[in-house]
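Q: Can you keep this structure in mind? I'll have questions shortly.
The values are calculated or read from the model by the stated rules, or taken from the named source; none is laboratory data. Not measured: the values here are computed from a predicted model. Here the Cβ is made from the backbone with ideal geometry for all residues, glycine too, and neighbour counts use every protein chain on show. Please note that ligands, DNA and RNA were not included when accessible areas were found on the heavy atoms of the full protein model with its side chains. Shrake-Rupley method; radii C 1.70, N 1.55, O 1.52, S 1.80 Å.
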Amino acid sequence: MASNTLVVQQAKAALDQLKYEVAQEIGVPLSPNGYNGNLATRDAGAIGGNITKRLVQIAEQQLSSFKR
């Protein structure tokens with residue numbers, strides 16, 4: 001079962017910052033007031049997909065530096 005609930009509530013600010021960074025990088029304008037109801041589904045998916053890629057890269061880097 002998928003959920004959008006954050007496990008670590010303190011991560012919200014970091015994820016929001018990441019969302020705006022990714023949107024800017026791919027050229028999708030986001031509203032600073034938080035309402036993005038006019039955002040195309042394709043653009044929202046591109047932002048989410050790029051966030052996922054970046055989070056996976058971060059996790060891989062952390063795991064590769066983990067010493068057994």
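Q: Just name the residue that is nearest to LYS12 (Cα to Cα) out of those in region 33-68 that are assigned to a loop (DSSP other than H, G, I, E, B) and open to solvent by less than 100 Å² (accessible area, probe 1.4 Å).
A: Filtering region 33-68 for residues assigned to a loop (DSSP other than H, G, I, E, B) gives 33-40, 65-68.
With the extra rule that they be open to solvent by less than 100 Å² (accessible area, probe 1.4 Å), the set shrinks to 34, 36-37, 39-40, 65.
On the way: GLY34: 13, ASN36: 17, GLY37: 20, LEU39: 21, ALA40: 23, SER65: 25 Å.
Restricting to residues being assigned to a loop (DSSP other than H, G, I, E, B) and open to solvent by less than 100 Å² (accessible area, probe 1.4 Å), the top hit is GLY34.
Q: Let me ask something else. Keeping to region 6-29, report how many residues are open to solvent by less than 100 Å² (accessible area, probe 1.4 Å), modelled with pLDDT under 95 and assigned to a loop (DSSP other than H, G, I, E, B).
A: Looking only at that region, the number is 2.
Q: Okay, next question. How do the pairs read when you match residues in region 33-58 that are on the phi > 0 side of the Ramachandran plot with residues anywhere that are assigned to a loop (DSSP other than H, G, I, E, B), using Cβ under 7 Å and keeping only pairs 6 or more apart or on different chains?
A: Partner pairs satisfying both residue conditions: none exist.
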